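Each reported figure results from applying straightforward, stated rules to the coordinates on display, with no laboratory input. Small disclaimer: the values here were computed from a predicted structure and weren't measured.
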Amino acid sequence: MILISYSIEFSQLLTKRGLFELFDDPFHNVLGAIIGFTLWRMIMKRCSEKSEGQAIRQK
């Protein structure tokens, strides 16, 4: 994820499009990805626990 973020930043520098920020954007992109992945895992775990609980009750 860090490499993708830095490659986008350097492409902005080379093409002179967008705003090149060496630290801010990659840091926030990676932080957002970590938070998003963690939330996704928590939601998926909770959904699988609910579906397992329902399957047990139906038997």
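Quick look at the numbers
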| item | result |
| --- | --- |
| Cα long-axis angle, helix 24-58 against the chain (0 to 90 degrees, to the nearest 10) | 10 degrees |
| Computed [θ] at 222 nm, deg cm²/dmol, the chain (DSSP H ≥ 4; -39,500 (n - 2.57); rounded to nearest 500) | -29500 deg cm²/dmol |
| Cα-based Rg of the chain normalised by 2.2 N^0.38 Å, two decimals | 1.88 |
